[in-house]
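Structure, as C-alpha cells:
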Amino acid sequence: MFDTLTERLSSSLRNIVGSGQLTEDNIKDTLREVRMALLEADVALPVTRDFVKRVKEQALGAEVLKELAPGQAFVKIVHDELTEMMGSANQQLEMTGKPPVVYLLAGLQGAGKTTTAGKLAKYLQERQKKKSHAGIGRRLPSSGDQTA
C-alpha cells in the first residue's frame with residue numbers, strides 16, 4: 001500500500017511543486033490519487049473519505065514554511081495524517097501466557113507478511129525465546145522456508 005501511495009503521490013505532486021501555496025485547485029488531483037491508492041489497497045471507503053477530508057482541511061489551512069516547498073508540506077500533512085490514522089503509539093509484543101504463544105499474520109499478497117515473520121523470529125530469538133513457524137500461503141507455498 002505504501003509503495004503504491006508513494007508512487008502515486010510522487011507523480012501527482014508535480015501539480016503542486018510549481019505553485020507558491022497549497023490551494024484547492026492544485027491539491028485536487030493529488031487528493032484523488034491518494035483516494036485511489038487507499039481504495040486499491042482495500043482501505044474501507046468511509047475511512048478513505050474521512051482521511052482525504054482531513055488531509056484537505058489540513059492542507060488548505062496550512063501555512064507553508066519558507067524552508068518547505070508546497071509539495072513537501074503536502075507530503076508532511078499526508079504522512080502526519082497516516083501516522084494518526086494508523087496509530088502513533090508503539091505497541092509491545094504480547095509474550096505472556098502459557099506456551100505456545102501463537103501469532104497469526106494475515107494480509108494481502110505483497111503486504112510484507114513473510115518479511116514480518118522473519119523479523120519477528122529474529123526478535124524472539126534475541127530474547128532467548130523458542131520459535132517455530134508454519135507457512136500456509138496459498139500462492140507462496142515456500143513462505144515457510146523463507147523464514148527458516
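The values are calculated or read from the model by the stated rules, or taken from the named source; none is laboratory data. For clarity, every value in this text was computed on a predicted model and none was experimentally measured. Cβ sites come from the backbone with ideal geometry, for glycine too, and all protein chains shown count toward neighbours.
Only residues that are in contact with a Lys or Arg (Cβ under 7 Å, 6 or more places away or on another chain) and either β-branched (Val, Ile, Thr) or assigned to a loop (DSSP other than H, G, I, E, B) (or both) were counted in region 51-94, giving 1. In summary, Leu68 fulfils each of the numbered conditions (1) under 25 Å from Gln109 (Cα atoms); (2) surrounded by 13 or more Cβ atoms within 10 Å (Cβ to Cβ) with the single exception of condition (1).
For the structure I just gave you, tell me whether Lys98 is more than 27 Å from Val43 (Cβ to Cβ) and either in contact with a helix residue (DSSP H, G or I) (Cβ under 9 Å, 6 or more places away or on another chain) or not in a loop (DSSP other than H, G, I, E, B) (or both). Against the criterion (more than 27 Å from Val43 (Cβ to Cβ) and either in contact with a helix residue (DSSP H, G or I) (Cβ under 9 Å, 6 or more places away or on another chain) or not in a loop (DSSP other than H, G, I, E, B) (or both)), Lys98 does not qualify. Filtering Ala41, Ala59 for residues that are of a type in the set (Gly, Ala, Ser) and at pLDDT below 85 leaves a single hit, Ala41. Write out, first by first residue and then by second, each pair whose Cβ atoms fall under 7 Å of each other, whose residues are 6+ apart or on separate chains, and whose first residue, in region 98-112, is under 20 Å from Leu124 (Cβ atoms) while the second is among the aliphatic types (A, V, I, L, M) and part of a loop (DSSP other than H, G, I, E, B). The qualifying pairs are Val101/Met95.
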